[in-house]
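Single-structure report; data block below.
The values are calculated or read from the model by the stated rules, or taken from the named source; none is laboratory data. Everything quoted here is computed from the prediction, not taken from an experiment. Cβ coordinates were reconstructed from backbone atoms using ideal geometry, including for glycine residues, and neighbour counts include every protein chain displayed.
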């Protein structure tokens with residue numbers, strides 16, 4: 001997660017005359033690039049942990065990113081204990097791009113998500129809908145203020161991303177604060193993808209332990225409090241979530257009856 005290294009090209013041209021000494025000319029160029037995309041009016045969910053409900057995709061929009069980024073890396077190699085696994089100070093550029101594009105695709109259709117999913121050929125749209133989006137809402141216009149909190153993954157998972165965002169809902173003035181948990185895995189070409197498959201018992205235990213670390217619990221509490229305050233201040237937003245809570249509860253009951 002380091003910035004791009006400086007490149008310096010040194011050109012040395014010695015010229016000998018009767019009384020002249022060697023002249024050294026150094027031409028240096030320095031290029032430093034920081035990835036911070038402003039994409040307004042977009043969209044946010046691979047085994048996602050959501051403080052709010054995730055959406056049925058509708059209209060494509062752009063993302064406003066507030067995540068510090070670094071240069072791409074091939075992914076971590078060592079797995080620290082959950083307690084030692086702190087949020088990274090910088091997020092690789094390729095991970096930032098993946099997550100922003102993934103959220104943009106989420107407001108279009110489930111099929112648009114497939115290019116961002118690891119081993120998507122073996123996963124159906126229905127599985128992605130269930131595993132990545134989890135619960136569904138009727139309308140989401142965009143995801144705003146995307147902020148990525150990244151930790152080292154475990155097992156086959158390279159990174160765990162906790163993604164803060166604000167959901168724009170039609171006919172609701174206030175954006176809804178939300179938090180998702182996404183798993184990142186690099187494919188054989190070295191490109192990061194959202195992992196929507198199953199976890200091993202060890203991986204699942206590690207992810208559960210990460211959720212109980214102080215920084216993640218603090219982040220979850222922060223977003224939950226922000227959502228609660230937003231609902232208190234906007235009755236339209238509160239009514240929307242009450243409707244969605246009823247929908248989710250009803251869906252759960254129907255699933256039990258089918259079993």
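Residues of region 83-123 that are touching a helix residue (DSSP H, G or I) at 6+ places or on another chain (Cβ under 8 Å), buried (at least 19 other Cβ atoms within 10 Å of the Cβ) and within 20 Å of residue 216 (Cβ to Cβ): 85 alone.
Here 254, 181 are screened, and the one residue that is closer than 26 Å to residue 111 by Cβ and over 16 Å from the mean Cα position of the chain (by Cα) is 254. Screening the candidates 144, 149 for the property of being under 24 Å from residue 86 (Cα atoms) and either within 15 Å of the chain's Cα centre (by Cα) or crowded, with 21+ Cβ neighbours inside 10 Å (or both) yields one hit, 149. It is to be established whether one or more residues within region 115-137 are more than 23 Å from residue 94 (Cβ to Cβ), outside any helix (DSSP H, G or I), more than 18 Å from the chain's Cα centre (by Cα) and modelled with pLDDT of 95 or more. For region 115-137, residues more than 23 Å from residue 94 (Cβ to Cβ), outside any helix (DSSP H, G or I), more than 18 Å from the chain's Cα centre (by Cα) and modelled with pLDDT of 95 or more: absent. Within region 206-250, being out of contact with any strand residue (DSSP E or B) (no Cβ under 8 Å at 6 or more places or on another chain), crowded, with 16+ Cβ neighbours inside 10 Å, modelled with pLDDT of 95 or more and farther than 16 Å from residue 173 by Cα holds for 206, 213. Among the numbered conditions (1) in contact with a helix residue (DSSP H, G or I) (Cβ under 7 Å, 6 or more places away or on another chain); (2) buried (at least 21 other Cβ atoms within 10 Å of the Cβ); (3) closer than 20 Å to residue 92 by Cβ, the only one that residue 155 does not meet is (2). Residue 171 meets the conditions (1) surrounded by 14 or more Cβ atoms within 10 Å (Cβ to Cβ); (2) in a loop (DSSP other than H, G, I, E, B); (3) at pLDDT below 95 in every case but one. The failed one is (1).
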